[in-house]
Amino acid sequence: MAMSTIEKLYQSYKVSIFRYLYRMGGDYHLADELTQETFCRALVSLKNFRGESALSTWLFRVAYYVYTGYLRGRPGERNLPLNHDIPDENRAGDPARHLEEAENRRLVRLALEQLPVDYRTVIILREQERLSFEEIGDILGKSPATARVTLFRARQKFHQLYKQLEGDDHD
């Protein structure tokens, strides 16, 4: 039996979409639920896809709207707390270095959590998903130049928050 178009899309992109949503919200079950919602919405609106961007870019845009819609349904919650810990595959070695790296990951997570959704999105899509500025602009409904400027500002804000958190920990 041949796979349908949506099944092929799901098999091809479910991991990337899940990873994006997981990094945005930090909750495995929420990311799983929002991934399913993303593909349900994609199925409904696939007939409206005009091919002006890559299918992967379009799916990330759908995921972005699903995530921001989820947040809008929770007044007062600008962002969700990032509860996840990035797994460390290389646990052997120097315990002091491992503790330092774990603390660094915690500060990165806390700084990302405090960023506005658009800033967190551009950082995740560029740094972790390796998308181009054209793709990020398509996802956010902005020009590539605006996506580039948004990433620059997001990085500045991230570094400011990181340094502040790092200073708070040493007080």
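Expressed as a rounded percentage, what relative contact order does the chain have, with Cα pairs under 8 Å and six or more residues apart?
For the chain, the relative contact order is 23 percent.
Tell me the mean residue ellipticity at 222 nm calculated for the chain from its helices only (DSSP H runs of n ≥ 4, each -39500 (n - 2.57), averaged over every residue, nearest 500).
Details: 7 runs with 119 residues, N = 171.
-23500 deg cm²/dmol, from helical runs alone.
Between (i) 35; (ii) 28; (iii) 42, which matches percent of Cα pairs over 24 Å apart calculated for the structure shown?
Structure-derived value, by its label: (iii).
Which of the peptides 136-146, 60-70 is most tightly packed, and how do the rest follow, judged by the mean count of other Cβ atoms within 10 Å per residue?
Sorting 136-146, 60-70 by mean packing, highest first, produces 60-70, 136-146.
Please express the shape of the range 92-171 as an equivalent ellipsoid: the semi-axes are the square roots of 5 times the eigenvalues of the C-alpha gyration tensor, given largest first in whole angstrom.
For the range 92-171, the ellipsoid semi-axes come out as 29, 15, 8 Å.
Any chance you could count the Lys pairs in the chain whose alpha carbons are under 24 Å apart, treating pairs 8 or more apart or on different chains as valid?
Working: Lys8/Lys47; Lys14/Lys47; Lys47/Lys142; Lys142/Lys157.
So the count works out to 4.
Between Glu103 and Arg155, what FRET efficiency comes out of the Förster formula 1/(1 + (r/R0)^6) with R0 = 22 Å and r the beta carbon distance, rounded to 0.05? All intermediate terms of the calculation are to be shown ahead of the outcome.
Details: r = 21 Å, r/R0 = 0.94.
Efficiency, from the Cβ-Cβ distance: 0.60.
Highest mean first, what order results for 121-131, 152-162 on Cβ atoms within 10 Å? Can you show the working numbers first?
Working: 121-131: 19.2, 152-162: 15.3.
Per-residue Cβ counts within 10 Å, averaged per peptide and sorted highest first, yield 121-131, 152-162.
The numbers here are math on the coordinates, done by the rules we state, and not lab data. Fair warning: this is a prediction, and the values are worked out from it, not measured in the lab. In this analysis, Cβ positions are derived from the backbone assuming ideal geometry, glycine residues included, and neighbour counts consider all displayed protein chains.
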